[in-house]
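The values are calculated or read from the model by the stated rules, or taken from the named source; none is laboratory data. From a predicted model like this one, the values you see are computed outputs, not experimental measurements. Counting neighbours? That spans all protein chains shown, and the Cβs are built from the backbone with ideal geometry, glycine included. For accessibility, only protein heavy atoms count, side chains too; no ligands or nucleic acids. Shrake-Rupley method; radii C 1.70, N 1.55, O 1.52, S 1.80 Å.
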Amino acid sequence: MRSPGSLLRIYALVVKELSQIRRDPGNLAIAIVLPAVLLILFGYGLSLDIQRIRVAWYAPVASEASHSLMSKLALSPFFHLRQVHSIHDAEEALRLHQVDAFVSIPSDFGESSYRGEATVQIVVNGVNANQARLTSNYTRAVVSAWATETLGVAPGTVLVIPRIRYNDAMDSHYYLVPGCIVIILTMIGSLLTALVMSREYERGTIEGLYSTPICNWEVLLAKGLSNFMLAMVSFAISVLFAIYIFQIPLRGSLFVLIGISVLYLVVALGLGLVISTLTKNQFISCQLAILGTFMPALMLSGFVYDILNMPAFVQAVTWVVPAKYYMNMMISVFLSGNVPALLVPGCIALAVFAVVLLVIAYIKSPKSLEP
């Protein structure tokens, strides 16, 4: 049985620890803010369901049957339809990731549908193999329901012919491996860099560093460059594995791939340096890096969950997630080739992020131990 003195000592220690937690805002933030953020992301932002599949509709000859099928697709909760005026426009929209698929109706669709010989072609962006399968299946289901309701024929009478672009083998590795490279560079660039300054504070070596003639920007540059070189080694290994081990096609330029990766690494390093200069505790720096870089890159970049399936306010948040732009460019260079309409806006966005973050890191790292 515990003695009263032992219980009093335990009580005193609990009070002391609670006081310590109350004085440390970082712990309170982790205990209060982190669960709320995670629940919002998981509860509202993430969904394995596919909705609002962007589909282009092309029918060279309008007919009552084609108009009826187009209305059926447009009224489906799974599709967001837009009309195009040529196959070239449809292919271009697919290449630029403006649509996820396009439906092509033959010119004799009106006559052949009533003869039970109609065909519908759907061309799907196969970058994400799982989404491509679901898109094809949803389209087939809608066409089948339309044929039964409108034509009074058995399901499957109107044949849906799927075609896959950019991932003919429907191999999920084509999408997952480039996405993993994004996550790896995010972790190495931001997570390791977030610890560099806080480590100096915890070990007490920051005083010796500040006693030298070295300038602020030289400290940041030296610490950033070391992690940059480490990250580029990881990038090289990852790309070699992707191409030669997993057999992922690199349809774009290797130099473009290296260029956008260097630009994203500068952004990741800048974000890590900002976190590192704002905190003097490695644990808090690590938690902030995970919450501010790794988790958004995993959940809000489009890697695991389709951004279009997220609520509008979560979609708005993704605009300030650098990994989103890098993910789009990485997938494009690997599977679609060099698409300037995707690469140029992405590079501009990353360049803006890099400049803003590096300026903040420089401002928040005064060459003095005074607060």
Mind ordering 103-113, 64-74 by average Cβ neighbours within 10 Å, highest first?
103-113, 64-74
Taking a probe of 1.4 Å and leaving out DNA, RNA and ligands, the stretch 128-176 shows per residue an accessible area in Å² of 49
For the stretch 230-314, state what percent of all Cα-Cα pairs lands in each successive 5 Å bin, counting from 0 Å until the bin that includes the largest distance.
3, 11, 15, 18, 20, 17, 11, 5, 1
accessible surface per residue for the stretch 216-371, probe 1.4 Å, DNA/RNA/ligands not counted, whole Å² -> 46
Whole-percent carbon and sulfur share, accessible surface of the stretch 258-317, 1.4 Å:
75
Based on the Cβ-Cβ distance of Gln98 and Leu8, what FRET efficiency does E = 1/(1 + (r/R0)^6) give at R0 = 56 Å, to the nearest 0.05?
0.20
Long-range alpha-carbon pairs in the stretch 141-188, meaning those over 13 Å apart, account in percent for 68
Run the simple label-point estimate for Val356 and Trp217 please: 7 Å along Cα→C-beta, distance reported in nm.
2.1
So how far apart, in nm, are the two label points at Val233 and Arg115 if each is 7 Å from Cα heading toward Cβ?
6.8
Just subtract the alpha-carbon distance of Ile87 and Ala62 from 0.36 nm times their residue separation and send over the number in nm, one decimal.
7.5 nm
Förster radius 30 Å - calculated FRET efficiency between Ile161 and Arg251 (Cβ-Cβ, nearest 0.05)
0.75
Under the definition of Cα pairs under 8 Å and six or more residues apart, what whole-number percent is the relative contact order of the stretch 263-358?
39
Among the chymotrypsin sites (Phe, Trp or Tyr not before Pro) within the stretch 302-371, which fall in a DSSP loop and have no more than 13 other Cβ atoms within 10 Å of their own Cβ?
Trp319
